Amino acid sequence: MTPTTGSTDADRTVTTHETGPAVDGATSEGVPAAPPATDPHAPVPPTDDSARETGEYAESAPETPDTPGESAYSTVAQPAPVANAPAGYQPRDLAPAPRPTATPQRTLHMIGNAHLDPVWLWPWQEGYQEARATFWSAIHRMEEYPDFVFTCDQIVLLSWVEESDPELFEQIKRRVAEGRWVNVGGWWVEPDNNMPMGESFVRQGLYGQRYLQSRFGKPSTVGMNVDPFGHNAMLPQILRGQGMDSYTFLRPGPHESDLAPSLFWWEAPDGSRVLAYRIPFEYGSPPGSVDGQTEKSLAALDRTVGFGADGEPATAMVFYGVGNHGGGPTIANIESIHRYDRMGSFGRMTMSSPRTYFDEVLGRGDAFLEALPVRRDDLQHHAPGCYSAHSGIKAWQRRAQFAVLNAERWAAVVAATDGVAYPREQLETAWKQILFNQFHDILPGSAIEPSYDDARDQLGEAVSISKRILTRAHNVIARQVQVDREDGTQPVLVFNPHPWPVEVDVDFQYGAQRAGVHVVDEEGRPVVFQNSQSTATTDDVSRGAIVFRAEVPALGYRLYRLRPGAGPGAAAGGLTVTESILENDLVRIRIDQETGWISSYLVKATGVDLMAGVDGTQHTQINDDPTDTWGHRVISYAWPGATMRLKRIVVRETGPLRSRVRVEREWGASTLVEELILDHDSAVLRVNVTLDWREEAHLLKLRFPTRLGDPTATYEIPFGHLDRPVDGAEEPAQSWVDLTGTVDGTPAGLTVITTNKHGYDVSPAAPDNGDQPSIGVTAVRSPVYSWHDPRLLDPEGIYSFQDQGIQRFSYELVPHAGDWRAADPVRRALVLGNPVRAQQESFHDGELPPVHSFGGDSGGSVMVTALKGTEDATEAPGGADVVVRAVETRGEGGRSRIELPLLGRTIEEDFGPSQLRTFVVPADPAQPIREVDLVERPLP
């Protein structure tokens, strides 16, 4: 959560609970309970100061006279009728209509809601209790006001109430059936909408929508993320695939982006559209009268929506209800809506829901809908510091997502091939821990420090579940592989989780042999290898380490063998390494001895030197960073900064397979170690980073200056990519950013791929950077936990700062000849972040060959993103039905050929540019393959 400028601290933090039923004729606010009446808009007079404190009633309102027919405002026997007024006591029998003739021709759909951050300035356990209190409050408002409608999103809150308060949950079910409790959003939580992997957004809706269907008989048709800080451009396709045709959000505001309209079509790169509405002013309100909320909302609406155009009556949504720590609509909120509706102050005000509003808009006819503007871009920029705040949660999240995706792939394999029960419930538990911790105040790093102890533990549970599932599956497969006896050798099975073949270096720890070992494949052919340093870094003689080149088929395995003795390795290309140069047949990379950074990156095939003479002092940039945890109002972190001091350069590893040079730097109390690794047959430089950060309120940019002219920038987003300006703005990305242009007229480019980092910039050439366009990665920021500007920190205060200590990540520099697609960064990033797994094996007979693939996507533009069991348990003979999801990755369209040897089936389908499609492949070969939506329901 982060409030928008204009709301007060009191507005943000006050929670008004009106949870108790009326007792002794009074409501929980101390206001007399309304007697039964046909008029739902009838006001309730105050009997004490509690209602006046909300601002609903004028302090000077006189008491109701005791004499029947006598008015407190007059001494005549027959008083004049009471006129409408924005405050003060009014009789209960004032009718809602007719409104004044001068009432604006506008309908305001008043959306009563209670935004609840399950974690923010409080732990999830407090959010758990708050959900119950808030939902009871909403139920009681429904009992008091027959026209009151409550809008609810974040399905995890409903699940908490279901397990802790069955009585309340039954009340909610009854109100859903009435149509007065409206579930929207359809996602497990309101997540950060930029950093999770594409599959996570699918699973938000998979579990959220299936929950709504199973408990209430109907899923959501309206997407809603009122509080997240940005929204990636692929969301319209995901929402449509989950059965939602519209989307409600708050950020970015008009002051934060080039997005002008309040109501518009939002279109994904594949052409999918949702009708989108930007909440004009806040998703919640103070507990008193809604007039201020309404006025500010109207002021922020674009004129077309708020005031009509070409004679069209206007219609808009205004959200109200105490939020952030829950609370929801108050009696004062509701009474003021009735009062202003009677007065016609803002037009017609009706208790409503987002679905009702969108249905009204969609019913206005094709001409109106076709005239709405179309947005073909993401929705940024708010709080860009969140993409680099708290490095730990970013790393834990990415690790957990990869772990559960691997587990469900291999679980689906052994379910189909060996009849091993698919661990559906365990995987659901793991996924829900991951999805919960993608919440927009957890994953962005904006929660209090203790919340990250919980996040670490919950994500650790997801990883542990996944590892148990994966280890069982690998051993079920391994025991069936034919492994011939060869005394003195150590069989090793390498498993590839990716649905395409990989050729990678495998680091393997083994029981040491005095004469050393060498590596051969399943046919006894030598494999390129070299010795490495054991994780037992004291060189314990009982353990050894080796790195070898493995070529493993798609979603499959391959058998290798460690033989005793140094033995011959496979022939490798020439590899040269010194403290100043790393070179093979493809590239020559020079390291400047003064700065420790690259001064030349020559691609031999093209003659292009991407970094000839770049300023190595630009590579590390440290700034004193006084921005808050969110990075509010920050446009860019691309400022000239202090350079870390070079300590030493050490050649750490040489051999036929790869070279490794260690560069050590320091600044203040912090150290940075980068180990530059170049393989004998690759043009890609991989860098393993260990950062020991001890600075408070500082940031470190790793910058990659180039010689590229006229560059363009491409960023990876979930399930896709997006071109963005080369302007130095801090932007979110998944795992890679590309800069493409020319060097001396020759097309060329550089892609930077990272493992756990999400805050980037692409900066233009400028005099202060040596006229060198560059890619910047925000490696670390260390603000105070949950510090929200414009509050100022006390110079004498005691605070806790983020990211103190050691963190590790990796990145790759991938040169290419002018089109980022040639570098295949989507797949490279997945292999870098999700490496193969090697396990030792014993000798035994088996029916499986030493090399095998269970499925693959041919490595083209259409990539499989998920392979899993179906959510609905099947009793299919001989195995389990399998769900396969794939996306077109290059924005060009293409034909898929997805082979599934585990079921003896093949999927061949055409994909449009950036299109996402899902198929169910039955285990029964007599049943046809069928396409389903992202909730695994049949397509219409």
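Summary table below
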{"item": "Taking the range 616-833 and dividing mean pair separation by its residue count, relative contact order in percent (alpha carbons under 8 Å, at least six apart)", "result": "23 percent"}
{"item": "Along the chain, longest interval not containing exposed chymotrypsin sites (Phe, Trp or Tyr not before Pro), exposed being DSSP loop plus at most 16 other Cβ atoms within 10 Å", "result": "74-798"}
{"item": "Segment residue 258-residue 514, extension gain: residue separation times 0.36 nm, minus the distance between their alpha carbons", "result": "85.5 nm"}
{"item": "Likely footprinting exposure, 297, 262, fewest C-beta neighbours within 10 Å first", "result": "262, 297"}
{"item": "Taking 698, 844 and counting other C-beta atoms within 10 Å, the order from fewest to most", "result": "844, 698"}
{"item": "Beta bridges by DSSP in the chain, antiparallel share as percent, to the nearest 5", "result": "85 percent"}
{"item": "Gained length - residue 798 relative to residue 593, 0.36 nm times residue gap less alpha-carbon distance", "result": "69.7 nm"}
{"item": "Zone of residue 843's modelled label, taken as backbone nitrogen in the range 475-505 under 18 Å from a point 7 Å along Cα→Cβ", "result": "479-493"}
{"item": "Normalised contact order of the chain, rounded percent, pairs of Cα under 8 Å and 6 or more residues apart", "result": "12 percent"}
{"item": "Where trypsin sites (Lys or Arg not before Pro) fall in DSSP loop in the range 847-940, at most 14 other Cβ within 10 Å", "result": "897"}
{"item": "Label selected from (i) 109, 62, 56; (ii) 115, 69, 54; (iii) 116, 84, 50, the criterion being Cα extents along the principal axes in Å as computed here", "result": "(ii)"}
{"item": "Calculated [θ] (222 nm, deg cm²/dmol) that DSSP helices of n ≥ 4 give over the chain, each run adding -39,500 (n - 2.57)", "result": "-7000 deg cm²/dmol"}
{"item": "Under 25 Å from the Cα of residue 173 - lysines, other chains or at least 8 residues apart", "result": "218, 432"}
{"item": "D (Stokes-Einstein, µm²/s), Kirkwood Cα radius, the range 616-833, 1.306 mPa s at 10 °C", "result": "87 µm²/s"}
{"item": "Order of 644, 234 - criterion: other Cβ atoms within 10 Å of each residue's Cβ, fewest first", "result": "644, 234"}
{"item": "Under the span-like rule (Cα at least 24 Å along the axis, Kyte-Doolittle mean at least -1.0), DSSP H helices of the chain", "result": "198-216, 391-418, 449-478"}
{"item": "In the range 451-513, the trypsin sites (Lys or Arg not before Pro) that fall in loop regions by DSSP, at most 12 other Cβ within 10 Å", "result": "485"}
{"item": "Cα centroid separation, the range 264-294 to the range 667-746 (Å)", "result": "35 Å"}
{"item": "Trypsin sites (Lys or Arg not before Pro) within the range 299-386: DSSP coil, no more than 10 neighbouring Cβ in 10 Å", "result": "none"}
{"item": "For the chain, the longest site-free run once GluC sites (Glu not before Pro) in DSSP loop states with at most 12 other Cβ atoms within 10 Å are removed", "result": "64-522"}
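Throughout, read-outs are computed from the coordinates displayed, never taken from laboratory work. Only a predicted model underlies this, so the values are computations on that prediction, with no experimental measurement involved. Cβ coordinates were reconstructed from backbone atoms using ideal geometry, including for glycine residues, and neighbour counts include every protein chain displayed.
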